[in-house]
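Engineer: Submitted below is the structure of interest, expressed as structure tokens.
Throughout, read-outs are computed from the coordinates displayed, never taken from laboratory work. Predicted model only: the values in this text are computed from it and were never measured. Don't worry about glycine lacking a Cβ; one is built from the backbone with ideal geometry, like all the others, and counts go over all protein chains shown.
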Amino acid sequence: MPSGPDQTTLADNPQQDSRAFTALAVASGKGGVGKTMLSVALAYELSQNAATLIIDLDFFNRGLTGLLRSGKIIKDLQAPNLLPELNATNQALPGAVPNQAETAAAQQSAGEAPWQLVEISENLFNIRYPDLSTDDYARIENMQIVDLAQDLSDYIAYVARECGAHFVVLDCHGGPDRTSFAACKIAKTTLLISEPDRITLYGTLNFLRQLADAGGATADHDIRLVLNKVVSSFNPPFLLRFYNENIRSEFANKPLLAMFPMEEYLTKAFEKNALLAKVYPESLLARKTRVYIYDLLAKTEATHLSPDLKGLSKPERTITRTTLGREFILLSNNFAVAMIFSIAMILMAVAVVEENSRSILSVQTREMLRDFLEVFTDVPYFAVFGVFWFVLTLFRSWMQSLSRTSIFLARTGSRVRASLAAAAKAVVATPLVAMLGLFLGELERDWRYAYQEGFFVEALLDSDVLTLLIALLFCAAFLAEYYFYNLKRATRLRRYKRISKIEGIANGIAILLPILIGVPLWSFLY
């Protein structure tokens, strides 16, 4: 098979074989499972310490190419050898070895846009190429898997040398096709993406069978299952048990690599900014991607992984690997509203029954209902508990949303808006600081008086004291979570130098502003 002027075949030069780069293929049994989103996240995290090339091998749909429209054009490239119509002009050029400029000019004169190497982000590269012809598609689908893998490997090695890439991520077609099988043959590891439903899993296992029949993977090839778009009705123990009992044998008894939950805000943001792991670094998409990269490559590629990746502790990896991001139910604003509403409805129903059924219910039953009502209506801390539960879960939801927005704006260059979002998050936290001080002051005053008067034990069970104590614990818990998250983020960003100036300012505002405003406000109110 003829080779292009700058694409050295494996047979011609064994030093420039597929082992000069580390390829990871991302495939799926069907489309629509979020494969491209995971491919981009994988490529971005790998690019944090080593040049990485991501290639769209879905020649028909070219979804990745459409997403990565912007970027800095580094140079023009020659087309791969598996497209003879484009490379026919290469062979006809005068001279023994045509250069890149001549190749690109020949492609343009033949009515074809040049293949281009584009830098999407720092250390992250992509190949931009024109639409393929019907004959090109037919030729690719009629090639032997071995020959197609050979040509793809030669071309990947050529482009990887042009941009100095160590890692190559191959985003395959959504479904079984010969290009995907060839990519699996080239790759060190193949990530097979699936949703955890019967239809998609059937397509995933069908992909494995067709891959084996086509000879696209050897017995020692590393193929790993990744579950994506996992909805909240599933839980990690169930999915792990289901995989181990029903599917694990199909993947050479290797463990499930990762489980990604459905993060709706990422799905909406993907079309606006494909580098979700960059603009949402604390999302489960980014965090789980870092963990499974560690699991796959920490032993063999440690020198090419970022300090952020290598610094992941074992407890952090374990928690991130198994979580699906479901909130503790008591911290959910929806659950708080539902519970408060349900209890209010029960109290109203009991009051109506007690008032309007004197001729039906016995005196003893009516007294029991009256006692039940008194427990909730005469004790003030029940009402305070309900109000604080609702308000603080609402504040927590706002702060999470504003935190994501602030980081996104900082990493997309919107400096003023990022600072405003961080300030808004701090403003939400400021009343909690003031209230925490007020509650501490009130408790200290009540307990000191009780101690001086000699009834300290009785004061501990006083309803007013319990009201203050519940409110204090709620405020303290939410502020602890708020500052733990922000201080942890500040430490990590500084340690691994993954911080822009505006991102540091925004994080500083979120940390300092609640204290700078909340403490004077507490002093004024107290």
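Engineer: Which net charge results for the neighbourhood of Gly437, defined as the other residues with beta-carbon distances under 14 angstrom from its beta-carbon, given Lys and Arg at +1 and Asp and Glu at -1?
Structural biologist: My count for the surroundings of Gly437 gives -1.
Engineer: Suppose R0 equals 35 Å; then what is the FRET efficiency for Thr491 and Lys272 from their Cβ-Cβ distance, rounded to the nearest 0.05?
Structural biologist: So the FRET efficiency works out to roughly 0.75.
Engineer: Also, I was wondering about something else. For a test of the definition: using alpha carbon positions, the gyration tensor, and the 1.5 limit on a/c, classify segment 162-233 as rounded, prolate or oblate.
Structural biologist: oblate
Engineer: Lys and Arg at +1, Asp and Glu at -1: add these up for the other residues within a Cβ distance under 12 Å of Asn206 and post the number.
Structural biologist: After counting each charged neighbour, the total is 0.
Engineer: Right, here's the next one. Once you keep just the Cα pairs under 8 angstrom separated by 6 or more residues, what percentage relative contact order results for segment 215-274?
Structural biologist: It comes to 47 percent, rounded to a whole number.
Engineer: Next question, about the same structure. Distance check, please: which entries in Lys75/Lys501; Lys185/Lys268; Lys268/Lys299; Lys72/Lys299; Lys30/Lys288 exceed 27 angstrom between their Cα atoms?
Structural biologist: Distance filter (> 27 Å) returns Lys75/Lys501; Lys185/Lys268; Lys268/Lys299; Lys72/Lys299.
Engineer: Using 0.36 nm times the number of residues separating Glu282 and Ala252, minus their current alpha carbon distance, what extension gain do you get? All intermediate terms of the calculation are to be shown ahead of the outcome.
Structural biologist: Details: separation 30, 0.36 × 30 = 10.80 nm, distance 3.24 nm.
Between Glu282 and Ala252, full extension yields an extra 7.6 nm.
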